[in-house]
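The structure under discussion appears below in the form of structure tokens.
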Amino acid sequence: MNFENYYLDLEKINNLSTEQEKNQIHRYYMDMMHSFSDNRYSVGKSIFNTLYQSGYLKELREEKLDQLLS
């Protein structure tokens with residue numbers, strides 16, 4: 001899996017109801033990025049999975065396919 005192909009879905013984050021929730025997702029994302037850069041891959045992958053399964057990360061490839069199919 002290439003983590004560089006994923007990005008934070010800012011539209012979904014902006015739809016959160018409180019600033020605290022928005023800041024928490026940003027902190028998770030920053031922690032994930034720092035974990036990968038610090039070679040703590042198991043921590044980074046765990047945070048990645050949490051964000052991805054919750055819909056806060058988008059995949060570039062998936063988005064391009066959706067655009068082509070619609």
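Residue under question is residue 6, and the condition is that it be among the hydroxyl-bearing types (Ser, Thr, Tyr), touching a strand residue (DSSP E or B) at 6+ places or on another chain (Cβ under 9 Å) and surrounded by 14 or more Cβ atoms within 10 Å (Cβ to Cβ); does it hold? In short, yes.
Does residue 22 count as modelled with pLDDT of 95 or more, among the basic types (Lys, Arg) and out of contact with any Gly (no Cβ under 8 Å at 6 or more places or on another chain)? The answer is yes for residue 22. For residues in region 33-56 being among the aliphatic types (A, V, I, L, M) and modelled with pLDDT of 95 or more, which is nearest to residue 12 (Cα to Cα)? The extreme case among them is 51.
The values are calculated or read from the model by the stated rules, or taken from the named source; none is laboratory data. Predicted, not measured: the structure shown is a model, and the values here were computed from it. Cβ: placed from backbone, ideal geometry, glycine included. Neighbour counts: every protein chain shown.
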